[in-house]
Amino acid sequence: MLVNGERHRLTVDTRTSLLDLLREDLRLTGTKKGCDQGACGACTVLVDGRRVNGCLTLAVRLDGAEVTTIEGLADGDDLTPLQQAFIDQDAFQCGFCTPGQILSGTACLREGHAGSAAEIREWMSGNICRCGAYPKIVKAVEQAAGKR
Ligand code: FES
Ligand code: FES
């Protein structure tokens with residue numbers, strides 16, 4: 001498996017989730033475990049460019065896959081436009097949902113689903129924020145889409 005551009009040869013239990021593989025085996029703890037049952041989006045990562053819930057994805061399915069986590073987005077100190085927009089818009093409070101929000105927003109932008117605030121809300125609806133930072137999260141995605 002390729003994780004953030006780095007090749008890993010791993011042997012995993014067939015029951016291991018991608019989320020646990022990332023956090024426990026590869027020590028990439030930026031990806032968060034919220035509900036561990038597909039309801040919150042805190043564990044969102046990209047697999048071959050598509051967003052998935054890491055807690056619902058069995059790691060053994062991903063032989064040869066390319067996985068991107070929050071640790072793999074920035075180029076050194078150069079943040080992606082969406083990461084910078086989250087800072088500019090102050091789009092978090094506790095920050096626990098933020099890695100998942102940013103990965104989901106990254107895919108939302110690439111998919112062309114950031115045409116309006118309503119569209120962003122719809123296509124980011126799988127990412128829950130207990131702090132209720134939604135208005136600023138939407139503004140951050142709008143900024144990255146060039147709408148602010
Ligand atoms: Fe995966 Fe909540 S931890 S959706
Ligand atoms: Fe706290 Fe979203 S910033 S859960």
When restricted to G41, G95, G49, the only residue within 16 Å of ligand 1 (Cβ to nearest atom) and either surrounded by fewer than 19 Cβ atoms within 10 Å (Cβ to Cβ) or of a type in the set (K, R) (or both) is G95
Going through segment 11-26 in order, the residues found to be open to solvent by 70 Å² or more (accessible area, probe 1.4 Å) and either within 14 Å of V67 (Cβ to Cβ) or touching a helix residue (DSSP H, G or I) at 6+ places or on another chain (Cβ under 8 Å) (or both) are T14, D25
Result of the Cβ filter at 6 Å on segment 28-45, keeping first residues that are within 16 Å of T16 (Cα to Cα) and partners that are open to solvent by 40 Å² or more (accessible area, probe 1.4 Å) and among the acidic types (D, E), at least 6 apart or interchain, is L28/E71
Inset, instruction - Could you tell me whether any residue of segment 57-69 is under 26 Å from P135 (Cβ atoms) and open to solvent by 40 Å² or more (accessible area, probe 1.4 Å)? - result: no
Within segment 95-131, residues assigned to a loop (DSSP other than H, G, I, E, B), within 9 Å of ligand 2 (Cβ to nearest atom), touching a residue at least 12 places away in the same chain (Cβ under 8 Å) and not hydrophobic (A, V, I, L, M, F, W, C) come out as N127, R130
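The values are calculated or read from the model by the stated rules, or taken from the named source; none is laboratory data. If you're wondering where the values come from, they're calculated on a predicted model, not measured in any experiment. Ideal geometry is used to build each Cβ from the backbone, glycine not excepted, and the neighbour counts take in all protein chains shown. SASA here: full protein model, heavy atoms, side chains in, ligands and nucleic acids out. Shrake-Rupley method; radii C 1.70, N 1.55, O 1.52, S 1.80 Å.
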